Amino acid sequence: MTTSQTTTDTTIRTATTQATEGTAAPTGPGATDASRSHPAPRPARRRYWRAGLQRGGIELRHLLRNPKEMTGHLANVVVALVLGGTLSKNVPGTHIPMAQLTLAGFAAYLLFQIGLINLPQILVTEREEGALLRLRATPGGIPAYLVAKSLLVVVVALGTLVVLLGAGALLVDGPLPHDPAGWLTLLWVAGLGLLAVVPLGAAIGAVLPNPREALALLMLPVMALLFTSGAMFPLSSLPVLVQEIAAVFPLKWMAQGLRSALLPDAARVAEPAGSWELPMVALVLTAWAVLGFLLAIPLLRRAARRESGSRLTERHRKAGLSGSAG
């Protein structure tokens, strides 16, 4: 861990401790089973939220001051703009440029990627660095940590979406909502889409073995979904079986919802059902959000309970041996 990362982590833990001071449940010999099993009182929960928001603000400032990390997020926007600028055909059966459909789908993919690739990588990397072990010793550390990561991911995702749509509209005639209803649809689809993928990403991050394998395990299925979910080209051009498989996962519905917000109604003819199916978009994304929360909370608690100094030392030893062998 670099000196700047260590300083940031120390500042974050200090803020978390100050915000949650006095809220820890009794854990000594005199603690009763009831005090350990009952959830924290509401004032304590409010302190955890405040601590998480403070921590998230610190991490956001650290991200903005890190050109390397910012470049990584902006590179995806550049790829989308280049791709949109090279497409000259129209959506089949319409006069709508294919570039607009592709940029709308890529906007959904960027939200999906941040939740399903970036967040798990962050969680597993910080776990390897001992963040969960340190937070276990901080009152309210784990809840505040989850709030902070959620804030970080949501702000980065929405910021990336704004940059993509703004740059696309200016540089390659990219799509934007045409009326207030379109802007409202854009907001609720983006928000519900993040709720569908962020908890799922946290659950995945809790079970991934290590940072070195995380990207390899995640990239192949995510890229497969990118090309089978209608994010790059009309879903109706794919085989029916592929469409049915894609319909199980949230990316297809995120892309369809964003297309409904960004494209004219004439683009509906390129959808398999001939309509935007917004009620189904809301239903599927809500189902994935519920599933994600049901998985994330127990898996993250299990990951935190399993952390120990000996496990952390052993992981560092193996990483050192692997680096020496390489």
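Here are the numbers:
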{"item": "Solvent-accessible area of R47 with every protein chain in place, 1.4 Å probe, in Å² to the nearest 10", "result": "80 Å²"}
{"item": "Nearest-10 value in Å² for the accessible area of M232, using the 1.4 Å probe", "result": "30 Å²"}
{"item": "Share of carbon and sulfur in the accessible heavy-atom surface of region 117-265 [1.4 Å probe, %]", "result": "75 percent"}
{"item": "Label point distance in nm, A282-V269, each placed 7 Å from Cα along Cα→Cβ", "result": "2.9 nm"}
{"item": "Pair L60, E213: separation of 7 Å Cα→Cβ label points (nm)", "result": "3.5 nm"}
{"item": "Theoretical gain in end-to-end length, S236 to L291 [0.36 nm per residue, Cα-Cα removed]", "result": "17.0 nm"}
{"item": "Contour excess over end-to-end distance, with Cα ends at L187 and L83 and 0.36 nm allotted per residue", "result": "35.0 nm"}
{"item": "Separation in nanometres of the label points that stand 7 Å from Cα toward Cβ, at K68 and R46", "result": "4.1 nm"}
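The values are calculated or read from the model by the stated rules, or taken from the named source; none is laboratory data. Not measured: the values here are computed from a predicted model. Every residue, glycine as well, gets a Cβ built from its backbone with ideal geometry; the counts of neighbours run over all protein chains shown. Remember, those area values only see protein heavy atoms, side chains included, never the ligands or the DNA or RNA. Shrake-Rupley method; radii C 1.70, N 1.55, O 1.52, S 1.80 Å.
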